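Just below is one structure, and these are the notes that go with it.
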Amino acid sequence: MAVLSVRKYGDPLLRRRAEAIGAITPEVRTLAGDMIDTMYDEVGIGLAAPQVGASLRLIVVADAQTRDTRVLVNPAITAGGGEATAEEGCLSLPGVFAPVTRPAWVVVEARDLDDGKLVLDARGLLARVLQHEMDHLDGVLFIDRLDPVTRDRIKRKIKKDGLPDDVGHRAFAL
Ligand code: ZN
């Protein structure tokens, strides 16, 4: 198990569409374990493989309520609805926080590390984390989902000031 370095905004890998995982190899298991270590080290509640430099459809999420950690291989949204707005942050965009509107609930199907089928019926924070992480697999960042004015303001500020190396409050970073 190892803590990996997190790719930051501007890294082209964060903009690539990640590849589906075929067989669950020892390498995939190791990567998932390292992602969990990295997520907790960064005090995050979710992490996608492209954020640690692996262009694969693999995410890990922490369920704050149950304290469970879930590993999802090739996750896909099969249903969803409603609308909810809440502040998001991203480990790849340290120090940037903004309200994002997304479906309030989703059903996500995936494989687990034992090649079993996983179905998550998620609402609230977990639904948001899952959608944020799955966006990473398609090269989408949460700032892409903001209104253009807010997005441009954030992009200009990053261009001018850069991203901070370390940020004090990262209670909700994905
Ligand atoms: Zn993120």
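Rule-based calculations on the coordinates, nothing more; no lab input. Since the structure is predicted, the reported quantities are computational estimates derived from the model, not experimental observations. Using ideal geometry, Cβ is built from the backbone for each residue, glycine included, and neighbour counts are taken over all protein chains shown.
The range 86-124 and the range 22-61 have Cα centres lying 14 Å from one another. Using R0 = 25 Å, the C-beta based FRET efficiency linking Ile77 and Arg153 works out to 0.30. By the Cα gyration tensor, the range 29-118 has an equivalent ellipsoid whose semi-axes, rounded to whole angstrom, run 21, 19, 12 from largest to smallest. Here the range 21-174 is assigned +1 on the Cβ of each Lys and Arg and -1 on the Cβ of each Asp and Glu. Its dipole about the Cα centre then comes out at about 540 debye. Listed by chain and number, the lysines whose C-alpha is less than 26 Å from the C-alpha of Lys8, apart from same-chain residues fewer than 8 away, are Lys155, Lys157, Lys159, Lys160. Shape analysis of the range 1-66 based on the Cα gyration tensor places the equivalent ellipsoid semi-axes at 18, 16, 11 Å, largest first. In the chain, the calculated helix contribution to ellipticity at 222 nm averages -8000 deg cm²/dmol per residue, counting -39,500 (n - 2.57) for every DSSP H run with n ≥ 4.
Which whole-number percentage describes the relative contact order of the range 72-174, with Cα contacts under 8 Å and a sequence gap of 6 or more? Let's see the in-between values first.
Details: 150 pairs, mean separation 32.3, N = 103.
Relative contact order comes out at 31 percent.
Translational diffusion of the chain, estimated by Stokes-Einstein from the Kirkwood radius over alpha carbon pairs at 10 °C in a medium of 1.306 mPa s, is 98 µm² per second.
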